[in-house]
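Below: one structure, written as structure tokens.
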Amino acid sequence: MRTCDIAVIGGGPAGMAAAVAAHDAGIKDILIIERDEGLGGILRQCIHNGFGLHRFGEELTGPEYADRYKKMVIEREIPYVVKTMVLDITKSDGGDHIVTAMNSESGVFHINAKAVVLAMGCRERSRGQLNIPGDRPAGVYSAGTAQRFMNINGEMPGKNVVILGSGDIGLIMARRMTLEGANVKMVCELMPYSGGLNRNIVQCLHDFNIPLKLSHTVSKIHGKERVEGVTVSEVDEHLRVIPEKSEYVECDTLLLSCGLLPENELTKSAGIPLDRITGGAVVNQNRRTEDKGVYSCGNVLHVHDLVDYVSEEAELAGRSAAEYVLAGKKEPECIKTVNVHNAGAVRYTVPQVVDIYKEPKDIKIYFRVGAVLNNATITVKCGEKTLLSKKKRKVAPGEMEFVLLTEKMLGEVDSDIIVSAEN
Amino acid sequence: MIYDVAIIGAGVVGGLTARQLSRYKLSVCLIEAGCDVALGATKANSAIVHGGYDPVPGTLKAELNVKGTAMMEKLCEELEVHYKNNGSMVVAFDEEQLEHVKKLYQRGIANGVPGLSVISGDRAREIEPALSKNIAGALLCESSGIVCPYDLTIAAVGNAMDNGADLALGFKVVDIKDNGENYEICSDDGAKIQARYVVNSAGLYSDEVARMLGDEYHITAKKGEYMLLDKSEGGLVKKTIFQTPTKAGKGILVSPTVDGNLLVGPTSEKTDKGDKATTPGGLDTIKEKASMSADNINYRAVITSFTGLRASCDESDDFILEISKHSKRAINAVGIDSPGLSSSPAIAEYIAQLLSDAGLKLEENADFCGRRVNCKHFRTLSEAEKNEMIKKEPSYGRVICRCETVTEGEILEAIRQNPKATTIDGVKRRTRAGMGRCQGGFCMPFVTDIIAKELKIARCQVTKTGGKSRLLFGKTK
């Protein structure tokens, strides 16, 4: 059986950054396994700019951002395989993990890995999952599928377009399709606020006079063969369709941008516990899952707003995996383990678990809120103790937030940590 | 040429009839209005091979259901179609329903259904722990099963074609002329097919075809909405769980599918023949009623919802399988609603017998091979077999649909093998590419590419399901 120190599942931004960081931490025997035709993941089709402001201090397109990491992978001569699908991850008798994969050259093969980094990314919520009633014609696409058709294949998936969901991909596609000559009639958003980044609403909708209809949804799809129109309806405060406030909108295409779901089928089949809210694995601050030697990072762990944060998180996971292997498959010495809980408007945190090490290091706890808050107070408590309290002018579901727990604060932690955001 | 038999309608009945007739020295043409086989009532139903306790004793439904179900396992084995004898239960929530369950038991015994028993609510929950505590008792049927109806139809048509039958797709029959010896079957675009005998298995449109033969029936479309859940939920129940039929309707079933998903539905409502839309009310009804049978149905895991149409005949509750009253060389198969799928292997034999009664000579074809060759499902192979296959044909090593682990090799096979897939949905139904949790979000561009290359057409000519269902509008700027 082939062996390696670290197997990285996925060659997108998370996988590449994890591999580079693991390499720089001293592990050379790495294998990145990618299912698509090349490294880069979904960035390959994100030809718009806005990537890399935090990481590289400049605005890059998706392929440019991916290329920076690809260069780092190639410079370090980190081995990778493409067009290769991982089918299964199981535990070996020796406490390692066996990754089963398949491609055209090698058929089905197995790799024994001392550590595994999960970096499979996410998928889009489909029409079926949204349960939109009506006919089932051609012309209903998730925004990412339409993006691939346009940016990789150079084909137009539609001319008269309604977009449901104001997630970032939907907003980006509203602009992209407009620039290609399509008529984007409107973007409907079920919630009373957008789930996308503010800059995307301004640059992709406002600049092109595309209406954003908040508290609106598509309640029916019409068209036997190709989409002929959709019924757009206003919803009440319980998100229920108000039939009297419905209109028929003629279009040939409906794009869906209604949320991303971490793609954790491999994680589940490996028996690794998931967080119900994030849909990703439960991890500690090193992004180690509940399964020793398995790390998770990027959008497979939780959906990020910016790729810059994916890279940062993946480097942490890659470095941690490397340290684990270098230490002879041992974790840092841990005094106690505490859980991180949500309160107020906080929907989830990553990590969900904090291991208090003998030699603690600063920890960033990322979180997202479930509603828009103005002048929010963000606090971190441990029992009655307030470890941290800060004000933020605005927090919104579309943007990730974090709190920094310093070494000193961690020294005071003796029970579970509670992160809250309140008005 | 003049065919011996033309079969109008390539659903499960037409498909299995074509295969049945290819056992004999006959030239057979299967005619279908759609761009693929199995697009009508066959495409979307509960996918159940019923035990046969439901039909009234003495009816064709009772006879052919029990017979067809008994034939199903062997048939599926020959055709390499996945069939599972998972058994079923009809659950009762109160004394009145329990009485009805006992009646069903009696009916089943009269119909000759093997493996029936009436069990207590506790026993039912012992067998299926997910069942509701409100269940007072159940009819247990060991002999029922599950099968994928379009998988069966595609395999049957493919096997018939491999044995010499022809398939005419996109042939919408608008007129049938009889000169006393041959029929001339005319399509809406002027094409003609001649045949000595005609079988009308046109499902929802079998009344219209019958009218062209001079026979009068009326078909009403009944709409049934379903929800399909992720494979993560497929283990909730092992058996198919029916509810006791009441005056309010037949109830909602909860069932695993042969592919490992969970299916809930259907509703039942009269509609027009072209209406395959799902409705908000329908989906709500399914949720509400299905939750009566099992407690923990995770509707967050719904991956798609769809509507099926049943072809019910106004004149009769029973199947109508008879020689045309006006045209002695034609057979009408009308009103094939539930249990049509279960009965289909027996219906095919019955139709062959009717043709013989009408004067068609059935002479055994010694070259007939009932096995579907070169169609071992890649996913079911062992690792060593897979590797051997990939060595021979590397495209089997390239996964295109990640959710269902479908390889390029399997997609090419679907496009190259009888009956050939030419559309995205055609590939989907043959290989399951696009049928998983992402519903084609990732693989659709790849499948589009493979179809375009293989059929030597432009990508923008590729359709979802024929006609005007194109996916793309040409190049970007």
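The values are calculated or read from the model by the stated rules, or taken from the named source; none is laboratory data. These figures come from a predicted structure and were not determined experimentally. Positions of Cβ are generated from backbone atoms using ideal geometry, with glycine treated the same way; all protein chains shown enter the neighbour counts. Note: areas computed on protein heavy atoms with side chains; ligands, DNA, RNA excluded. Shrake-Rupley method; radii C 1.70, N 1.55, O 1.52, S 1.80 Å.
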Taking first residues from the stretch A:91-104 that are in contact (Cβ under 8 Å) with a residue 24 or more places away in the chain and second residues anywhere that are part of a loop (DSSP other than H, G, I, E, B), the pairs with Cβ under 6 Å that are 6 or more apart or on different chains are A:Ile98/A:Ser92; A:Ala101/A:Thr84
Only one of (1) crowded, with 23+ Cβ neighbours inside 10 Å; (2) within 14 Å of chain B (Cβ to nearest Cβ); (3) touching a His at 6+ places or on another chain (Cβ under 6 Å) does not apply to A:Thr217, and that is (3)
Counting only residues in the stretch A:83-108 that are within 11 Å of chain B (Cβ to nearest Cβ) and not in a strand (DSSP E or B), the one most open to solvent (accessible area, probe 1.4 Å) is identified as A:Glu105
Being surrounded by 16 or more Cβ atoms within 10 Å (Cβ to Cβ), within 14 Å of another protein chain (Cβ to nearest Cβ) and under 24 Å from the mean Cα position of the chain (by Cα) narrows B:Cys313, B:Cys403 down to just B:Cys403
Per the list (1) farther than 26 Å from A:Asp168 by Cα; (2) free of Cβ contacts under 8 Å to residues at least 12 places away in the same chain, residue check on A:Lys245 breaks on (2)
Scanning the stretch A:117-169 for residues that are among the hydroxyl-bearing types (Ser, Thr, Tyr) and in a loop (DSSP other than H, G, I, E, B), the one nearest to the other protein chains (Cβ to nearest Cβ) turns out to be A:Ser126
Any hit, the stretch B:389-397, residues being modelled with pLDDT of 95 or more, of a type in the set (S, T, N, Q), in a strand (DSSP E or B) and surrounded by 17 or more Cβ atoms within 10 Å (Cβ to Cβ)
no
Every listed condition ((1) buried (at least 19 other Cβ atoms within 10 Å of the Cβ); (2) free of Cβ contacts under 8 Å to residues at least 24 places away in the same chain) holds for B:Gly52 save (2)
Selection from the stretch A:12-62 of residues open to solvent by 10 Å² or more (accessible area, probe 1.4 Å), more than 16 Å from the chain's Cα centre (by Cα), touching a residue at least 40 places away in the same chain (Cβ under 8 Å) and at positive phi yields A:Gly26
Out of curiosity, is B:Ser344 modelled with pLDDT of 95 or more, closer than 25 Å to B:Ala458 by Cβ and of a type in the set (Gly, Ala, Ser)? no
Among strands (runs of 3 or more DSSP E) entirely within the stretch B:167-262, at least 2 residues that are open to solvent by 70 Å² or more (accessible area, probe 1.4 Å) occur in B:173-178, B:192-200
Only one of A:Tyr69, A:Tyr80, A:Tyr65 is open to solvent by 10 Å² or more (accessible area, probe 1.4 Å), of a type outside the set (Val, Ile, Thr) and more than 9 Å from every other protein chain (Cβ to nearest Cβ), namely A:Tyr80
B:Ala6 fails exactly one of (1) in contact with a helix residue (DSSP H, G or I) (Cβ under 7 Å, 6 or more places away or on another chain); (2) buried (at least 24 other Cβ atoms within 10 Å of the Cβ); (3) among the aliphatic types (A, V, I, L, M), namely (1)
_Test for A:Ala113: is it under 20 Å from A:Gly293 (Cβ atoms) and either open to solvent by 40 Å² or more (accessible area, probe 1.4 Å) or within 14 Å of chain B (Cβ to nearest Cβ) (or both)_ = no
Okay, strands (runs of 3 or more DSSP E) sitting entirely in the stretch B:1-108 with 2 or more residues that are within 24 Å of B:Asp425 (Cβ to Cβ) and not hydroxyl-bearing (Ser, Thr, Tyr), I get B:2-8, B:28-31
Of the residues in the stretch A:301-317 that are buried (at least 24 other Cβ atoms within 10 Å of the Cβ) and over 10 Å from the mean Cα position of the chain (by Cα), the one that is nearest to A:Ala18 (Cα to Cα) is A:Ala314
Only unsatisfied item for B:Thr423, checking (1) at the interface with chain A (Cβ under 10 Å from one of its Cβ atoms); (2) polar (S, T, N, Q); (3) open to solvent by 20 Å² or more (accessible area, probe 1.4 Å), is (3)
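Every residue, every condition in (1) over 24 Å from B:Val399 (Cα atoms); (2) among the polar types (S, T, N, Q), yes or no:
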residue: A:Tyr69; (1), (2): yes, no
residue: A:His97; (1), (2): no, no
residue: A:Glu105; (1), (2): no, no
residue: A:Asn112; (1), (2): no, yes
residue: A:Val117; (1), (2): no, no
Over the stretch B:274-309, the set of residues assigned to a strand (DSSP E or B) and either at pLDDT below 90 or over 27 Å from A:Leu261 (Cα atoms) (or both) is B:Gly308, B:Leu309
Within the stretch B:300-315, of all residues that are of a type in the set (A, V, I, L, M, F, W, C) and touching a helix residue (DSSP H, G or I) at 6+ places or on another chain (Cβ under 7 Å), the one farthest from B:Pro280 (Cα to Cα) is B:Ala311
Here the qualifying pairs (Cβ atoms under 9 Å; residues six or more apart or on different chains; first in the stretch B:426-449 and farther than 18 Å from A:Asn264 by Cα and more than 9 Å from chain A (Cβ to nearest Cβ); second open to solvent by less than 10 Å² (accessible area, probe 1.4 Å) and among the charged types (D, E, K, R)) come out as B:Gly426/B:Asp36; B:Arg429/B:Asp36
Scanning the stretch B:450-463 for residues that are in contact with a Lys or Arg (Cβ under 9 Å, 6 or more places away or on another chain), free of Cβ contacts under 8 Å to residues at least 60 places away in the same chain and open to solvent by less than 40 Å² (accessible area, probe 1.4 Å), the one farthest from the other protein chains (Cβ to nearest Cβ) turns out to be B:Ile451
Of (1) open to solvent by less than 10 Å² (accessible area, probe 1.4 Å); (2) in a loop (DSSP other than H, G, I, E, B); (3) of a type outside the set (Lys, Arg), B:Gly164 satisfies every one except (1)
